[in-house]
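Each remark here refers to the structure printed beneath this line.
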Amino acid sequence: MTIKEAQARIKARVWQSVAQADLDLSALDKTTLESFVDLVTESALLEIDSELDASLLSDPKEKVSDDEDDDEFGEEVLWRGRPFLSLVLDYTITDERIKITSGLLGKAHENVELIRVQDIDHSQTFGERVLKIGDITIRSHDPSHPEIVLRNVQDPTGVYEILRRAVLNARKRHNFSYREEM
């Protein structure tokens, strides 16, 4: 189910609950009532997402602590997150690479080395701006993953900046640079 579908289903459920509640809402104009339902819908989505975060972090198999800055390979973890309302995807940005892990029971892993990243963009639709999420598109020289998209990331501007700085630092650390021909 996409975010828009979930949003539409929750909004329909809120309207249904309002209709069945025997409340006198005649004093409210249509715009105010619609704004209220939209606010309740967005709040419900955010609460569901925070509950998913809490349930994923309380997984006993997951070793996550606040002071843990390195992953199991000794790389410094710069950012870790997941798409909004997702249980099956996990994104990690380290000082060496971008790791994407997918799957609920079985796991698939994709890695892109930071020195192979050519370009990074981020975008948000109006609905995503309301939810403070967005997409980050990464183009690389990696033949198996020339373009990857980190979808529905919370605080996409902040994650974009973390990723941009990590790419620049990796290039500097490895004395790597691109030359553009005109």
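Brief remarks on what is shown
- For the stretch 108-135, a residue qualifies if it is surrounded by 13 or more Cβ atoms within 10 Å (Cβ to Cβ), of a type in the set (Asp, Glu) and within 29 Å of PHE73 (Cα to Cα), and the qualifying residues are GLU110, GLU113, ASP135.
- Members of the stretch 82-106 that are closer than 27 Å to LEU131 by Cβ and in a loop (DSSP other than H, G, I, E, B): ARG82, PRO83, PHE84, LEU85, SER86, LEU87, VAL88, GLY103, LEU104
- If the condition is being in contact with a strand residue (DSSP E or B) (Cβ under 6 Å, 6 or more places away or on another chain) and more than 30 Å from LEU39 (Cβ to Cβ), then the stretch 115-140 contributes ARG116, VAL117, GLN118, ASP119, ILE120, ASP121, THR137, ILE138, ARG139, SER140.
- Conditions (1) of a type outside the set (Lys, Arg); (2) touching a strand residue (DSSP E or B) at 6+ places or on another chain (Cβ under 9 Å); (3) assigned to a helix (DSSP H, G or I): number failed by LEU168: (2)
- Considering residues of the stretch 137-161 that are of a type in the set (S, T, N, Q) and either not in a loop (DSSP other than H, G, I, E, B) or not assigned by TED's automatic domain parsing to the domain that holds VAL112 (or both) only, the residue nearest to LEU46 (Cα to Cα): GLN154
The values are calculated or read from the model by the stated rules, or taken from the named source; none is laboratory data. Since this is a predicted model, take the numbers as computed values, not measurements. As a convention, Cβ positions derive from the backbone with ideal geometry for all residues, glycine included, and neighbour counts pool all protein chains shown.
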